[in-house]
Amino acid sequence: MFNNLIFFGMRKHILEQDEGLASLLYQAYKLISYLAVAAVLPFFLIYSVISGRHRHGLAERFGFFAPPSAGHDNPPRIWLHAASVGEVQVARALIKELRQALPDATLILSTMTEQGQRVARRQLGNEVRCVYAPLDLPIVARLAVKKLRPTAYICLETELWPNLLARLKNDNVPTVLLNGRLSERSFNRYRLAPRFMARLLDCFARIATIRPADAERYIAIGAPRRRVTILGNAKYDLHIDTTPATAARYRDMLQLAVDQPLLVAGSTHGDEETMLTETFRRAKKTLPDLVMVVAPRHIERIDEIEAAYRELGLEMNRFSRCKTEGRTADIVLIDGMGELTGLYGAASYIFCGGSLVDRGGHNLMEAAIWGKPVCYGPSMKDFLDAKELLEAAQAGFMVNTPAELAAAIIGFAENPDQYAAAGQRARQTALAQQGSARKQVQLVLELLTHRNENGQPAIA
């Protein structure tokens, strides 16, 4: 009895110390946030005035949102937050399921980046309210929550903003982390402040991760195990028009002959565009009529890429010109948004970028759903689940260099039957991953139902 009292007394003392340290770290974060904004804001405003960039949405960055429209004062009002383009694609899949389950709900989608906002408005602007995410300052977070008045907040992947999450918890807004993933690098960084992370993750009523490894990492840095579940990747739930007519339309825009080979390199980063010229030159020796389409992840880099190709003595067209004036070169640069999915359908061979350079890769299933095997480089840490699934099906092929990519393309061309069979396996694998978005939305519905019945978010 006496020993038990000592034990519980020590345990209480340790917990109080842990809570005190977590509180101290949080206060330090708040102070650093204010100092950082105070230091950067004047220069940012000057840059914005001179360049004209980042002006749109500046008021929203500071929490000055227009209030919900009249007639939308009753729940549910669901705020989804996506960092950039990749998370917007996750949001699309979730929004489709939310609309089916809650047709009268008001949906708000915030993004951090301008490119993410452009994609969100173009793809979802008629369905949801698209806004810029507020800065993570206590006063801004308080104003944003007051203005938007969410009845639930959905955080996507790894967007952890301490001040906003603390405000939502303080206001009893049910908060969930969906499609959660945590890379080894992020995990190693977060584990340096375990008490702070435990306090932060305690803000989530539920956490749905992509893979078991993601779940274990979240638990290791403080997420309560009972709140964590593994539900797969909602990014693979996108309903893509994979009809032959779509593929044929893009091949017509590129003026390709019926059997003319097309290599599509999607979502390229950094030096990948110039690296791929080696692939193109090598493959073209065996496939002389090969055409290569390069779709940079960030289209604002198009002038830079074009200049680099000119220095290499290469001729190229922009895709916008191909659509109006016709193609006159065997290299085409994509200079607009929303074209990549259709181009994957038109492709003979596909390379997913952000993988020959250290950017973590991109969504392989977006290509595999077309029934095409997918090539990628060694940097795939952000899409290890897709990589492992496709490799297990012998439908995904890792290459370490541009020369290896060229050799793979030549091998595919020389073995068409095996290549076609790999494509069928790729599509079957992609189709088998669908259904995650519906399961994740079910978590949100359960929280909303519990809140309606009890007035408080369901936190186990």
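The values are calculated or read from the model by the stated rules, or taken from the named source; none is laboratory data. All values reported here derive from a predicted model rather than from experimental measurement. Note: ideal-geometry Cβ built from the backbone for every residue, glycine included; neighbour counts use all protein chains shown.
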Please specify each residue of the range 314-347 satisfying the condition of being more than 26 Å from the chain's Cα centre (by Cα) and assigned to a loop (DSSP other than H, G, I, E, B). Leu314, Glu315, Met316, Gly326, Arg327, Thr328, Ala329, Asp330
Pick from Arg226, Arg217: which is in a helix (DSSP H, G or I), of a type outside the set (Asp, Glu) and within 25 Å of the chain's Cα centre (by Cα)? Arg217
Going residue by residue through the range 366-384, is there one that turns out to be within 18 Å of Ala247 (Cβ to Cβ) and of a type in the set (Asp, Glu)? yes
Go through Gly360, Gly336, Gly313, Gly411 for me and flag whichever is among the small types (Gly, Ala, Ser), surrounded by fewer than 20 Cβ atoms within 10 Å (Cβ to Cβ), at positive phi and free of Cβ contacts under 8 Å to residues at least 60 places away in the same chain. Gly313
Within the range 425-449, tally of residues that are of a type outside the set (Ser, Thr, Tyr), surrounded by 21 or more Cβ atoms within 10 Å (Cβ to Cβ) and touching a helix residue (DSSP H, G or I) at 6+ places or on another chain (Cβ under 6 Å): 5
State which residue pairs qualify: first residue farther than 14 Å from Asn179 by Cα and in the same structural domain as Leu276 (by TED's automatic domain parsing) and inside the range 375-387, second residue surrounded by fewer than 22 Cβ atoms within 10 Å (Cβ to Cβ) and of a type in the set (D, E, K, R) in any location, beta carbons under 6 Å apart, and separation of 6 or more residues or different chains. Ser379/Asp358; Met380/Lys387
Out of (1) among the hydrophobic types (A, V, I, L, M, F, W, C); (2) at pLDDT below 95; (3) not assigned by TED's automatic domain parsing to the domain that holds Pro212, what's the single condition that is false for Phe397? (2)
Search the range 270-290 for residues that are in contact (Cβ under 8 Å) with a residue 12 or more places away in the chain and over 15 Å from Ala408 (Cα atoms) and pair each with any residue that is outside any helix (DSSP H, G or I) and basic (Lys, Arg) when their beta-carbon atoms are under 9 Å apart and the residues are at least 6 apart or on different chains. Gly270/Arg359; Glu272/Arg359
Right, Ala422: surrounded by fewer than 19 Cβ atoms within 10 Å (Cβ to Cβ) and not in a loop (DSSP other than H, G, I, E, B) or not? no
